[in-house]
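Report on one structure; see the data block that follows.
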Amino acid sequence: MKPAAVEVEGLTVRYGPLVALDGVSLRLAPGTVCGLIGMNGSGKSTLFKSVMGLLRADAGRVRIAGHDPAAARRRGIVGYVPQAEAVDWSFPVSVRDVVTMGRYGRLGALRRTRAADRVAVADALARVELTDLADRQIGQLSGGQRKRAFVARGIAQGAEVLLLDEPFAGVDKRSEATMSALLTDLAADGCAVLIATHDLQALPALAEEAVLLLRRVLLHGPVEEVLRPENLARAFGVDPLEQGRTA
Amino acid sequence: MNPLDLIVEPLSYGFMIRALVTTVVAAVVCALLSCWLVLIGWSLMGDAVSHAVLPGVVLAYVLGLPFAIGAIVFGFLAVGLIGAIRDTSRVKEDAAIGIVFTTLFALGLVLISVTPSQTDLNHIVFGNVLGVSVTDLAQVVVLGAVVAAVLLAKRRDLVLYAFDPGHAHAIGLSPRRSGALLLGLLALTAVVALQVVGVILVVAMLILPGATAQLLTDRFSRMLLLAPVLSAVCATIGLYLSYWLDAAPGGLVVVTQGAAFALVHLFGPRGLIARFRRASTKPVVDAVVHGERL
């Protein structure tokens, strides 16, 4: 049997006296799209950081496609699409530059690209339909295009696990549909996609399964089940569909 | 007087030629480094490290070691202390930076006052580009070449570090190492530049060229070309002004660079005036462009 794309067992992370994650266990098979739902402070970003190996766990372990996080990083297995606020959009890099950064782990000390790398970058750009905009400065793209540029970076990287942090924030409906189709397509190729989001309306069309997180995993199941109001109320305390419309 | 004499006459003096070479080398190296510093948001860190190297440089003088060694030790010491204060007390980072670099700088001033020396160590504080010896010049050229070569060789890693350190980590690279490399280069560059403008004004040469270039282009590769060219031209103009006006060379180099920034910010293609014109004459087009971006 192929190892799980992401396997988290009993993961506990504390920031001083604050418990961010409390014994979280989670299995994600290759080729699945999974929504990660929880309010601010529920531990979504802590879980992401743990999967990326950015945090030391107080207990528990993380395996990525059968590797420990350090080995998975060296193999470039985990791709990351940051949330919009975490990126300096005025930074003087082009879309192609950003996608090329996905290849850096495979390049020599000077990070000079070879023909194969440039082909991989061009393919990734074509796949997210940004070929025509490849030479634009990254901040000159629309919200949805920006997200797709970072997905392309993960594709060029050859990521087997893709983590997306709020990919639908500030994105119009049409871009949202393009993004959903793209992620579904990547999953069909065997990529495991984990999406942290507040946007619960976008999820059913995209994800088969979802995780409800409140420092612990409250529920992990089919997306329709997780999105039932009585389940969401456990994670949010109020009806988040209502909250989502006003926010 | 023949206008050409304005340019040629100063070069009939050996000290002016040495001053010009030193100034241009320092201007180019500082400008390269400044491209990263302004993008990462390390201007204050540049200020801190460039001041904090003073006691290191004085101690290196006392012990007969190269200035560069003292500068690197105190550069990293300063960053270590800043981190330690920030992490172990309720003092915020900007206050921690202010505490550490002013204290180390003051320590440097104290050390200068008690160190008997042939050369006037106050030159380290204010710069003494007109008194640069052949040995000083050689040190500046060698250090400058090393810093420029390392920066250019590692430029892609450093850009990735500046843009998205999280991604660098995720693909198995070490953003921590890139940051340390940049700090080491910052300390070395401070040694190069203090010959020209002195410890106090090094930070100006470490911020202005990159900030000016940033206003002119949205391609990093062009920033890496524009910043050193602008910086070298301004430094040369500043040095000539100081000759003809008989005024402080270090100060005039920085004033010229500051004036270039002001001109670009006002009159450049993306400057305030161009933006004001666009906003007042083509509101419809602007609205469409803006709408598309949202």
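None of the figures in this text is laboratory data; all of them are computed from the coordinates on show. No experiment lies behind these values; they were computed from the predicted model shown. Neighbour counts are summed over all protein chains in view; Cβ atoms, including those assigned to glycine, are modelled from backbone coordinates with ideal geometry.
Select from A:Val128, B:Trp36, A:Val211 the residue farthest towards the positive end of the dipole of the protein assembly as shown; place +1 on Cβ of Lys and Arg, -1 on Cβ of Asp and Glu, and compute about the Cα centre. Farthest towards the positive pole: A:Val128. Considering only B:Val132, B:Leu239, B:Ala145, the residue lying farthest towards the positive end of the dipole of chain B is B:Ala145, judged by Cα position with unit charges set on Cβ. Charge dipole of region A:1-93 (Cα centre as origin; +1 on each Lys and Arg Cβ, -1 on each Asp and Glu Cβ, all else neutral): 320 debye, rounded to the nearest 20. Each label point was placed 7 Å from the Cα along the Cα-to-Cβ direction; for B:Arg275 and B:Val91 their separation is 3.6 nm.
The fraction of all Cα pairs in region B:222-265 landing in successive 10 Å bins from 0 to the largest distance is 32, 50, 16, 2, given as whole percents. For the protein assembly as shown, give me the percentage of DSSP beta bridges that are antiparallel, rounded to the nearest 5 percent. Expressed as a percentage, antiparallel bridges in the protein assembly as shown total about 55.
Taking Cα centre as origin and charging only the Cβ of basic (Lys, Arg, +1) and acidic (Asp, Glu, -1) residues, the dipole magnitude of the protein assembly as shown rounds to 680 debye.
Taken as entire DSSP H runs, the helices of chain B that both span 24 Å or more between Cα atoms along their own long axis and average 1.0 or more on the Kyte-Doolittle scale are B:14-40, B:43-63, B:67-88, B:93-114, B:134-153, B:175-216, B:220-245, B:249-267. Seen from all directions on average, region B:3-293 presents a Cα convex hull projection of 19.2 nm². Once amide H atoms are built 1.01 Å from N in the peptide plane, which residues 5 or more positions from A:Val19, or in another chain, come under 5 Å H to H? Counting only residues 5 or more places away or on other chains, the set is empty. Among beta bridges from DSSP that stay inside chain A, the antiparallel ones total about 55%. Between B:Val8 and B:Ala262, the simple spin-label model (points 7 angstrom out along Cα→Cβ) gives 3.4 nm.
Per residue, the convex hull spanned by the Cα atoms of region A:1-134 measures out at 163 cubic angstrom. Just to confirm the number: angle between the C-alpha axis of helix A:143-157 and the first principal axis of chain A, 0 to 90 degrees, nearest 10? That helix lies at roughly 80 degrees to the long axis. Mind pulling up the Rg/Rh value for chain A? Radius of gyration and Kirkwood radius, both on Cα. Ratio value, two decimals: 0.96.
Note on A:83-95: average number of Cβ atoms from other chains within 10 Å of each residue's Cβ is 4. Considering only A:Ser180, A:Thr32, A:Val119, the residue lying farthest towards the positive end of the dipole of chain A is A:Val119, judged by Cα position with unit charges set on Cβ. Residue-normalised convex hull volume from the C-alpha trace of the protein assembly as shown: 183 Å³ per residue.
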